[in-house]
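The values are calculated or read from the model by the stated rules, or taken from the named source; none is laboratory data. This one's a predicted model, so the numbers in the text were calculated from it and none came from an experiment. Methodologically, a virtual Cβ is constructed for each residue, glycine included, from the backbone with ideal geometry; neighbour enumeration extends over all protein chains shown.
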């Protein structure tokens, strides 16, 4: 799963910088230490960098791609290993070194010039969370761990309820839309589909059998389509009626 995350990240960065180069604009390298993940918030004007070397998330103003500006660094309770961004907040999966890890929710504090961004919420999660995903509307989320997942019901950045579900196998890929959670287990060719509002009590709404083990999932910006990558093929799934529209 980590390889797929970084492959997707590398592709996204390549596309972004290709667009910049096409406009004859300079590309600026940002020194980030031991960085583990990136996220974008606030209509693409803020870049968050998870810096595990300093236990901080660095926040840059990237309104001008030619001159990103470090706005602030948000101190966390441990090393940030994954980030997810929504419209006006982000969540960092933090390895605390204790019995549990944490999700720390970061948002802007417009009336605090000294600390324009801060961590305002701390959610206990099982150890080993390495991937966090938000639904397109920012009202649902999922944190994937070594032995399960945590579903997030997001009312506001400071008001998030969490339910953790243990699994007997590692999750190899996951995606979430405004209504559904899609996940695949390591070595399995079946895609489990759950209604995200049902939380921990949900049995899979259905299971979609594919040709070979599932390696990756991706969601379109509006949540209408799910990209499914198996060992042998790539499928496009309609997230509303669960039909395969292309392969």
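Summary of computed values
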{"read-out": "Verdict on residue 175 being surrounded by 21 or more Cβ atoms within 10 Å (Cβ to Cβ), without any contact (Cβ under 8 Å) to a residue 60 or more places away in the chain and closer than 19 Å to residue 216 by Cα", "value": "yes"}
{"read-out": "Flag if residue 113 is more than 21 Å from residue 228 (Cβ to Cβ) and part of a loop (DSSP other than H, G, I, E, B)", "value": "yes"}
{"read-out": "Qualifying position, being modelled with pLDDT of 80 or more, buried (at least 20 other Cβ atoms within 10 Å of the Cβ) and not assigned by TED's automatic domain parsing to the domain that holds residue 188, among 103, 70", "value": "103"}
{"read-out": "Among the candidates 37, 43, residue that is at positive phi and either surrounded by 20 or more Cβ atoms within 10 Å (Cβ to Cβ) or part of a loop (DSSP other than H, G, I, E, B) (or both)", "value": "43"}
{"read-out": "Count - residues of the range 146-166 that are crowded, with 16+ Cβ neighbours inside 10 Å and either out of contact with any strand residue (DSSP E or B) (no Cβ under 7 Å at 6 or more places or on another chain) or in a loop (DSSP other than H, G, I, E, B) (or both)", "value": "1"}
